[in-house]
Amino acid sequence: MTHNILETLYDRLYEAFGEQYWWPAETPLETAIGAILTQNTSWSNAEKAIQNLKKHSLLSARALHTVDPADLAQLLRPVGYFNLKTKRLKNFIGLLMNEYRGSMKVLGREDLSVMRKKLLSVNGIGQETADAIMLYALHKPVFVIDAYTKRILFRHDILNHDLPYEACQRLFHRGMRNNVQLFNEYHALLVRLAKDFCRTKPCCRGCPLEGL
């Protein structure tokens, strides 16, 4: 039953919105940085901060590892909580430099469960951010559960809103093909639906899932 409804949701959303081309980044490291910076802010703000990093030639692990935190914080101002985001980004880069020679490619060779544990061990990286890095930057078949996904599935009686992160994720891992491109596109489509229709105050008229 879960398999059928999840497939139906995906088909409806894809038919309505088409391919989302997400995550918009040029390199795996840029994707990982974006996943960290977009916490509690809009993607447009994260993108402004990333452009600042590009202008100052700071989109490499080595450059981010050596840059002064105060200077980095000024470049991250668009994301809000920029001092906190600076620490989180520095923490992630520290892991990358100290254990993976500064290489996202080397990190990507890590065993899946070990990789997730290592990411979660970084202060400031929670489950959603870790899974976003794994899916979008490292191309691992891990479904990202965010507030948008939980809101949509709760409103369609597919899950309880208070269900733990891992239990929500299992719905997709067991109910869908474990495919990187599918998980990538599905999550992006759910984000699109949440922004266009399934807002905090929903706009149900014309929603692709209307009547489901």
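Quick note: the coordinates plus some simple rules give every number you see, no bench work behind them. These numbers were taken from a predicted model, which means no experiment stands behind them. Quick reminder, even Gly has a Cβ in these numbers, built from the backbone with ideal geometry, and neighbours come from all protein chains shown.
Points to keep in mind about this one:
- Each residue, THR200 and GLU26, gets one label point 7 Å from its Cα in the Cβ direction; the gap between the two is 3.6 nm.
- Rounded to the nearest 0.05, the FRET efficiency derived from the C-beta distance between GLU15 and LEU120 at R0 = 45 Å is 0.80.
- Across LYS54/LYS118; LYS54/LYS150; LYS140/LYS195; LYS85/LYS195, pairs whose alpha-carbon gap is larger than 29 Å: LYS54/LYS150
- Region 107-212: trypsin sites (Lys or Arg not before Pro) in DSSP coil with no more than 13 other Cβ atoms inside 10 Å: ARG109, ARG177, ARG199, ARG205
- All-pairs alpha carbon distance profile, region 28-137, 10 Å steps from 0, percent: 15, 54, 28, 3
- Across the chain, the convex hull enclosing all Cα atoms gives 121 Å³ per residue.
- Region 103-159 versus region 1-55: alpha-carbon centroid distance in Å: 12
- Order of ILE158, ILE93 under a 10 Å beta carbon neighbour criterion, fewest first: ILE158, ILE93
- Over the chain, DSSP H runs of length four or greater, each weighted -39,500 (n - 2.57), average out per residue to a 222 nm ellipticity of -18000 deg cm²/dmol.
- Among PRO164, PRO141, PRO69, the largest mean-square fluctuation in a Gaussian network model of the chain, built with springs joining Cα atoms closer than 10 Å, belongs to PRO164.
- Start at zero, step by 5 Å, and the Cα-Cα distances of region 165-212 spread as 5, 18, 20, 22, 19, 13, 2 percent across the bins.
- Placing unit charges on the Cβ atoms only, positive for Lys and Arg and negative for Asp and Glu, gives the chain a dipole magnitude near 500 debye about its Cα centre.
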